[in-house]
Amino acid sequence: MLIEKKVDGFEKVWHSTFYKPTRNDQDNTSKMLLRFKEGNKDSKYRINAQIGNDFRNNHYKFDIILRALSSTETKIIDNHPLDDICKNIADITGAIYQPGLLSKKRTHTPLKRLNANERIRELKDIYVFEGGVELKNKKILIVDDIITSRATIQAIRIALYRIESNAHYFA
């Protein structure tokens, strides 16, 4: 089930589960999400199916889907666990998954041990819109695997907003 949250700059933001970041307090869903991030096939299948059903049942429509890049990526690397989810959501919502539209100026420190302000500083001006697609009045879905401080989705939205303020942002 998708749970809606209000986040400044976005029309809607959803998350599909509550993630508990400390290993000694994790529930089964949090453990499955970590296995998903590691590329575990069963976890990838189960999470992709759950999110696919959530989007299918809610009849959302988007134009463009982008995904957050990991701390080690400056460009999209094929076979990242989020790619399958992005492709699935694109098929369901009528969108186009555009993995090449975003890049980063550099890799960055993994965010999991940083507080919210450190994350914002780490990601400031790091994302770059590569262009080639009109964003005006488009519904753009930004997909990230774990949203805690919202720093990553905000950094991506800000990079896109600098190019086109008349787009509709979702995450």
Conditions (1) of a type in the set (S, T, N, Q); (2) touching a helix residue (DSSP H, G or I) at 6+ places or on another chain (Cβ under 6 Å); (3) not in a loop (DSSP other than H, G, I, E, B); number of the one not met by T109 | (3)
Is it the case that S43 is assigned to a loop (DSSP other than H, G, I, E, B) and surrounded by 12 or more Cβ atoms within 10 Å (Cβ to Cβ)?
-> no
Six or more apart or on different chains, Cβ under 9 Å: which pairs go from a residue in region 40-55 that's of a type in the set (D, E, K, R) to one that's open to solvent by 40 Å² or more (accessible area, probe 1.4 Å) and assigned to a helix (DSSP H, G or I)? Could you list them?
-> D42/R35; K44/R35; K44/D84
With respect to K61, is the statement that it is outside any strand (DSSP E or B), of a type outside the set (A, V, I, L, M), open to solvent by 60 Å² or more (accessible area, probe 1.4 Å) and touching a helix residue (DSSP H, G or I) at 6+ places or on another chain (Cβ under 7 Å) true?
-> yes
In region 27-40, which residue that is part of a helix (DSSP H, G or I) and open to solvent by 30 Å² or more (accessible area, probe 1.4 Å) is nearest to K112 (Cα to Cα)?
-> K37
Pairs where the first residue, in region 120-145, is of a type in the set (S, T, N, Q) and the second is in a strand (DSSP E or B) and at pLDDT below 95, C-beta under 9 Å, 6+ apart = N137/H168
Of residues in region 75-98 being closer than 16 Å to R46 by Cα and touching a residue at least 24 places away in the same chain (Cβ under 8 Å), the one most open to solvent (accessible area, probe 1.4 Å) = D84
Go through region 114-140 residue by residue and tally those that are of a type outside the set (K, R), within 27 Å of G94 (Cβ to Cβ) and either open to solvent by 20 Å² or more (accessible area, probe 1.4 Å) or modelled with pLDDT of 95 or more (or both).
-> 10
Checked against (1) outside any strand (DSSP E or B); (2) within 16 Å of E73 (Cα to Cα); (3) open to solvent by 40 Å² or more (accessible area, probe 1.4 Å), I147 satisfies every condition except (2)
Region 150-171, residues that are in a loop (DSSP other than H, G, I, E, B) and touching a residue at least 40 places away in the same chain (Cβ under 8 Å) | R150, A171
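The values are calculated or read from the model by the stated rules, or taken from the named source; none is laboratory data. Here the structure is a predicted model, which is why all the values come from computation and not from measurement. Counting neighbours? That spans all protein chains shown, and the Cβs are built from the backbone with ideal geometry, glycine included. The area values use the complete protein model at the heavy-atom level, side chains included, leaving out ligands, DNA and RNA. Shrake-Rupley method; radii C 1.70, N 1.55, O 1.52, S 1.80 Å.
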